[in-house]
Amino acid sequence: MKKILLPALGLAFLLGTTTESCAQANLIHGITAGIGLARMAANKKDASAAKKDAPAAATSTYRGQVFPMQRTPADQLPKKGAEQVTEVETQLDRFHTALLADSASALCTPEQRTAIQTALVGLARAQSRWDLQPYQQEATFYLAEDARRQKAAFTK
């Protein structure tokens with residue numbers, strides 16, 4: 001009887017410690033997963049808060065095409081990146097003025113095209129959490145319209 005009892009108790013002891021370490025491992029995994037979920041929720045909240053910080057984009061229409069025109073009031077400019085926001089919006093305003101001034105001439109020079117691209121990159125670096133899509137869409141619209149105008153002038 002002692003020969004059977006001793007190995008059975010040893011096996012029970014080993015199984016008890018195994019389930020205890022499994023339970024501890026599961027607890028650690030659960031805590032780690034919970035922390036990960038909390039981080040993801042915080043990041044999502046930060047991203048949505050950053051989008052709320054950026055002003056809403058108005059829209060404009062030209063030749064039946066609608067495009068966003070986001071402009072930030074001076075009192076809503078962020079502390080970090082205010083200069084870059086102003087630079088992008090100034091470049092976009094130049095394009096918009098040229099768009100409305102003449103329906104046939106080119107909107108920009110190659111230097112202005114480079115300047116808007118540089119300004120957008122600078123803004124993306126300074127304000128990585130802002131929703132830059134309206135700025136990008138507006139710039140894309142102007143550049144596409146410029147290409148259309150240059151093509152039309154070339155084919156005449």
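Annotation: amide H-H contacts under 5 Å for SER60 (H modelled 1.01 Å from N, sequence separation of 5 or more, or interchain): PHE67, MET69.
Quick one: if the Förster radius is 30 Å, what FRET efficiency do ALA124 and ALA101 give, using the C-beta to C-beta distance and rounding to 0.05? Between ALA124 and ALA101 the formula returns 0.55.
Using the Karplus relation 6.51 cos²θ - 1.76 cosθ + 1.60 with θ = phi - 60°, the per-residue 3J(HN,Hα) values for the stretch 63-68 come to 6, x, 9, 9, 9, x Hz, with x marking Gly and Pro. Protection proxy ranking, highest mean first, for peptides 121-131, 135-145: 135-145, 121-131, where packing is the per-residue count of other beta-carbon atoms within 10 Å, averaged. Take each peptide in 86-97, 103-114, count the other Cβ atoms within 10 Å of every residue, and average; sorted highest first, the result is 86-97, 103-114. Here the spin labels are modelled as points 7 Å beyond Cα on the Cα-Cβ line, and at SER60 and ALA153 they lie 1.9 nm apart.
Values in this text are rule-based calculations from the coordinates and carry no lab data. Bear in mind the structure is a predicted one, so any value in this text is a computation, not a measurement. All Cβ positions, even for glycine, are placed from backbone atoms using ideal geometry, and neighbour counts span all protein chains on display.
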